[in-house]
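Q: Just dropping this structure here.
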Amino acid sequence: MTSAPDSDFYSLELLLDPAGRQLLQRVREFMEKEIEPVINRYWTREEFPHELIPAIGQLGIVGLAYQGYGCAGGGNLLDGMVAMELARVDSSMATFFGVHSGLAMGSIYLCGSEEQKQRWLPAMARMEKIGAFGLTEPDVGSGASRGLTTTARRDGDEWVLDGQKKWIGNATFADYVVIWARDVADNRVKGFVVEPPTPGFSTTKMRDKIALRVVQNAYITLDGARVPEANRLQNANSFRDTAAVLRLTRAGVAWMAVGCARGAYEHALAYAKERQQFGRPIAGFQLVQDQLVRMLANVTSSACLCVRLAQLQEAGIAADQHSALAKAFCTVRMRETVGLARELLGGNGILLEYHVGRFVADAEAIYSYEGTREMNTLIVGRAITGTGAFV
Ligand SMILES: Cc1cc2nc3c(=O)[nH]c(=O)nc-3n(C[C@H](O)[C@H](O)[C@H](O)COP(=O)(O)OP(=O)(O)OC[C@H]3O[C@@H](n4cnc5c(N)ncnc54)[C@H](O)[C@@H]3O)c2cc1C
């Protein structure tokens, strides 16, 4: 049995079967050996380590939440713990993976026809093809459920897409870009898989982000881009179907928040044991121990919440509000935790070489994407009061 690191304070990994624990250990080793030593360089240059994609594909972690179609399978708990493990070392790589395996593959898995799933998912599961997910627009973020302006117009056996998207992760190099657009005929939101190069479809890389700099986010312009009817996700008939994808992936983001917090905590603990002031390690000071224990409590309580959410998912009873509460809670706790870690490192906390500074910056993006704290709070608020307060 693989022993869990001390930061798994309540031994949640023991909930996995031996094969799951082995997989987690493989992911941990890969992230620590292959990603951690190089990631700051990519982060600084806003570049993505494309050459590492095949190795990630071989870890056997793509599509852990799905059954069949060449996907890894294994269940929601393992899927979540893997997301945590990725983010424990680097949130950009976890986000890249979440966009591909969660948002893009999840859209096809939940909203595609049998033929579409057979057509696209196996190569995505092998990471020979990479996915992106285009929902957000320059003027429409939180209000995507009602306000999408990108349009889809049916023209014979094709659809014509017009509009703009913003923030779309992986879009500069993705093979399959899921575009959510409003059908002008019935005003409903539908999903389309665009396969670049496609005339009328173009991307521009977003530059100068202060968070998740390794993730290649893009503006997308759709100017009369044509996709065949065969590329319309056959079971995406309204925003409710888009929301089903987000329900799944928001749980993954909650896990990532735990991983980001956990990584920062582990760096802070190691630093506290090494760093000497007043003639002894700072770990021996009461105020420093208070910071460390607050961090550990945040990580542990958030992880426990995510474990229960995974159990609800596996039982088929997880609702929007369950994912929303976890995403909101865990990202708030993450933000506090990375801040405490930075504080504990003193000046070194803002130097990239000590890693924690990257965690602080990246946490800001995780806090806001896949529904801000406010939006996820409103989803829970509606569930508990029976009254929507979005507008
Ligand atoms: C790094 C990164 C990666 C991303 N990747 C993707 C991607 O791959 N695909 C994709 O489609 N999108 C992606 N996004 C977009 C992301 O999902 C949006 O940023 C998010 O939904 C928030 O939208 P917004 O940024 O437009 O903020 P806005 O919606 O403009 O919100 C601004 C502020 O107003 C608040 N607010 C809005 N409405 C209300 C209300 N009714 N009540 C109270 N407060 C409210 C919000 O909480 C927020 O604090 C990404 C974003 C980032 C930062």
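Q: List the number of the failed condition for Ala87; all other conditions in (1) out of contact with any Ser or Thr (no Cβ under 9 Å at 6 or more places or on another chain); (2) of a type in the set (A, V, I, L, M, F, W, C); (3) within 16 Å of the ligand (Cβ to nearest atom) hold.
A: If we test Ala87 against (1) out of contact with any Ser or Thr (no Cβ under 9 Å at 6 or more places or on another chain); (2) of a type in the set (A, V, I, L, M, F, W, C); (3) within 16 Å of the ligand (Cβ to nearest atom), just (1) comes out false.
Q: Something else about it: Test Ala310 against the criterion of being in a helix (DSSP H, G or I), away from the ligand (no atom under 16 Å from the Cβ), touching a Gly at 6+ places or on another chain (Cβ under 6 Å) and of a type in the set (Gly, Ala, Ser), and give yes or no.
A: Yes, satisfied.
Q: Something else now. Do any helices (runs of 4 or more DSSP H) entirely within the stretch 5-115 hold 3 or more residues that are of a type in the set (A, V, I, L, M), more than 19 Å from Cys330 (Cα to Cα) and modelled with pLDDT of 95 or more, and if so, which?
A: Those helices (runs of 4 or more DSSP H) span 18-30, 53-57, 105-111.
Q: For residues in the stretch 376-389 being touching a residue at least 24 places away in the same chain (Cβ under 8 Å) and open to solvent by 40 Å² or more (accessible area, probe 1.4 Å), which is nearest to the ligand (Cβ to nearest atom)?
A: By that ranking, first place goes to Thr377.
Q: Further question on the same structure: Can you tell me how many residues in the stretch 244-258 are closer than 24 Å to Asn40 by Cα, small (Gly, Ala, Ser) and either open to solvent by 10 Å² or more (accessible area, probe 1.4 Å) or more than 14 Å from the ligand (Cβ to nearest atom) (or both)?
A: Qualifying residue count for the region: 2.
Q: Kindly provide the set of residues from the stretch 337-359 that are open to solvent by less than 40 Å² (accessible area, probe 1.4 Å) and either near the ligand (Cβ under 9 Å from one of its atoms) or β-branched (Val, Ile, Thr) (or both), ordered by number.
A: Those that are open to solvent by less than 40 Å² (accessible area, probe 1.4 Å) and either near the ligand (Cβ under 9 Å from one of its atoms) or β-branched (Val, Ile, Thr) (or both): Thr337, Val338, Val356.
Q: Where in the stretch 140-243 are there strands (runs of 3 or more DSSP E), lying wholly inside it, with at least 2 residues that are away from the ligand (no atom under 15 Å from the Cβ) and either open to solvent by 10 Å² or more (accessible area, probe 1.4 Å) or of a type outside the set (D, E, K, R) (or both)?
A: Strands (runs of 3 or more DSSP E) meeting the threshold: 151-155, 158-169, 201-205, 217-228.
Q: Next question. Within the stretch 295-316, does at least one residue satisfy the condition of being closer than 23 Å to Leu16 by Cα, polar (S, T, N, Q) and touching a Cys at 6+ places or on another chain (Cβ under 8 Å)?
A: Yes, there is a match, as at least one residue in the stretch 295-316 is closer than 23 Å to Leu16 by Cα, polar (S, T, N, Q) and touching a Cys at 6+ places or on another chain (Cβ under 8 Å).
Q: Can I ask one more? Of a type in the set (A, V, I, L, M, F, W, C) and within 28 Å of Leu325 (Cα to Cα): which single residue out of Val227, Val194, Val184, Val214 fits that description?
A: Selected residue: Val214, the only one of Val227, Val194, Val184, Val214 that is of a type in the set (A, V, I, L, M, F, W, C) and within 28 Å of Leu325 (Cα to Cα).
Q: Run down Arg28, Arg21 and say which single residue is open to solvent by 10 Å² or more (accessible area, probe 1.4 Å) and over 19 Å from the mean Cα position of the chain (by Cα).
A: None of the other options fit; the residue is Arg21.
Q: How many residues are surrounded by fewer than 16 Cβ atoms within 10 Å (Cβ to Cβ) and more than 18 Å from Gly263 (Cβ to Cβ) if we restrict to the stretch 305-336?
A: So the answer is 7.
Q: Under 9 Å by Cβ, and 6 or more places apart or on different chains, what pairs join a residue from the stretch 364-375 that is without any contact (Cβ under 8 Å) to a residue 24 or more places away in the chain and part of a loop (DSSP other than H, G, I, E, B) with one that is open to solvent by 40 Å² or more (accessible area, probe 1.4 Å) and more than 6 Å from the ligand (Cβ to nearest atom)?
A: none
Q: Given (1) farther than 23 Å from Arg213 by Cα; (2) in contact (Cβ under 8 Å) with a residue 12 or more places away in the chain, identify the lone condition not met by Gly73.
A: Here Gly73 meets the rest and fails (2).
Q: Based on what the data block shows, is Leu296 of a type outside the set (Phe, Trp, Tyr), at pLDDT 95 or above and either in a loop (DSSP other than H, G, I, E, B) or over 20 Å from Leu77 (Cβ atoms) (or both)?
A: Taking the combined requirement at face value, the residue satisfies it.
Q: Assess whether Ala318 counts as being more than 16 Å from the ligand (Cβ to nearest atom), more than 30 Å from Gly141 (Cα to Cα) and in contact with a helix residue (DSSP H, G or I) (Cβ under 6 Å, 6 or more places away or on another chain).
A: Answer is no for this residue.
Q: Here's another thing I want to ask about it. Please determine whether any residue of the stretch 51-58 is among the polar types (S, T, N, Q) and in contact (Cβ under 8 Å) with a residue 12 or more places away in the chain.
A: Looking for residues that are among the polar types (S, T, N, Q) and in contact (Cβ under 8 Å) with a residue 12 or more places away in the chain, one finds none in the stretch 51-58, hence no.
Q: Restricting attention to the stretch 164-182, report how many residues are more than 22 Å from Gln116 (Cα to Cα) and aromatic (Phe, Trp, Tyr).
A: 1
Q: Does Ala132 satisfy being open to solvent by less than 10 Å² (accessible area, probe 1.4 Å), over 24 Å from the mean Cα position of the chain (by Cα) and touching a residue at least 12 places away in the same chain (Cβ under 8 Å)?
A: So Ala132 fails the test.
Q: Now a separate question. Write out, first by first residue and then by second, each pair whose Cβ atoms fall under 7 Å of each other, whose residues are 6+ apart or on separate chains, and whose first residue, in the stretch 163-176, is over 19 Å from Met105 (Cβ atoms) and without any contact (Cβ under 8 Å) to a residue 12 or more places away in the chain while the second is among the polar types (S, T, N, Q) and within 12 Å of the ligand (Cβ to nearest atom).
A: Close Cβ pairs (under 7 Å, with a partner that is among the polar types (S, T, N, Q) and within 12 Å of the ligand (Cβ to nearest atom)) do not exist here.
The values are calculated or read from the model by the stated rules, or taken from the named source; none is laboratory data. Small disclaimer: the values here were computed from a predicted structure and weren't measured. For neighbour counting, all protein chains shown are included, and Cβ atoms are generated from backbone atoms with ideal geometry for every residue, glycine included. Accessible surface is based on the protein model in full, side chains and every heavy atom, while ligands, DNA and RNA are left aside. Shrake-Rupley method; radii C 1.70, N 1.55, O 1.52, S 1.80 Å.
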